[in-house]
Amino acid sequence: MSAPQSASHLTRRALQAALCIIVAMLASAPLAQAVKGRVSLPQIETKVMCVTCKIPLMVAESPQANVEREFIKSLIEQGDDEAQIKRALVSQYGASVLGLPAASGFDLTVYLVPIAVVLALVALLVVLLPRWRRRAREQAARRAVPSPTLEPLDAERLDRDLARFER
């Protein structure tokens, strides 16, 4: 296998490995959530906002934050799961209570755009990296100029001068 082919082969393998890792991470998120079981107040607090402070509920210290916590506690005691609690919070306080945008409709772009940008940058590197390497090798080959040979008269004079300093 020649050098350009092996570089593109390695780049392709690296891209495949990166895609496998991304797919595994995306696939494991729902499984991890299903294994957790019953929801707790700290889990919900990290995912919702205080509607007056506009900061995550877990760090908010306002009276409104305490009202929201009590509301969430009552829903947990009723046995509601995370999705039901979020729906109840949205119906009570509006969509601004959610810490993350919905994963549907226009809000889905919040999740898709960063992934698309990363994939585009990886694809750009896959295309440009072999070109950059090839160009660097060509420039290095052009810079490697053979040392000039001396004319016989110049070589003889250099030998005489060096012999004078060796004494």
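The values are calculated or read from the model by the stated rules, or taken from the named source; none is laboratory data. This is a predicted model, so every value here is computed, not measured. Counting neighbours? That spans all protein chains shown, and the Cβs are built from the backbone with ideal geometry, glycine included.
Computed quantities for the displayed model
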item	result
Residue list for the stretch 140-158, restricted to those being loosely packed, with under 10 Cβ neighbours inside 10 Å and not hydroxyl-bearing (Ser, Thr, Tyr)	ALA140, ALA141, ARG142, ARG143, ALA144, VAL145, PRO146, PRO148, GLU151, PRO152, LEU153
Test: residue in the stretch 108-119 that is farther than 30 Å from ARG13 by Cβ and hydroxyl-bearing (Ser, Thr, Tyr)	yes
Residue within the stretch 105-114 that is of a type outside the set (Phe, Trp, Tyr) and modelled with pLDDT of 90 or more present	yes
Qualifying residue in the stretch 101-109 (condition: surrounded by 13 or more Cβ atoms within 10 Å (Cβ to Cβ) and of a type in the set (Phe, Trp, Tyr))	no
Extreme residue, farthest from LEU100 (Cα to Cα), among residues of the stretch 36-61 that are of a type in the set (S, T, N, Q) and loosely packed, with under 14 Cβ neighbours inside 10 Å	SER40
Top-ranked residue in the stretch 57-102 [being small (Gly, Ala, Ser) and part of a loop (DSSP other than H, G, I, E, B); ranked as nearest to THR46 (Cα to Cα)]	GLY99
Inter-residue pairs, beta-carbon under 6 Å, first touching a residue at least 60 places away in the same chain (Cβ under 8 Å) and in the stretch 57-73, second surrounded by 14 or more Cβ atoms within 10 Å (Cβ to Cβ) and not in a helix (DSSP H, G or I), 6+ apart	none
Pair list, Cβ < 6 Å and 6+ apart or interchain, from the stretch 94-114 residues that are without any contact (Cβ under 8 Å) to a residue 12 or more places away in the chain to residues that are assigned to a loop (DSSP other than H, G, I, E, B)	ASP107/PRO101; VAL110/PRO101
Qualifying residue in the stretch 103-119 (condition: part of a loop (DSSP other than H, G, I, E, B), out of contact with any Asp or Glu (no Cβ under 7 Å at 6 or more places or on another chain) and not charged (D, E, K, R))	yes
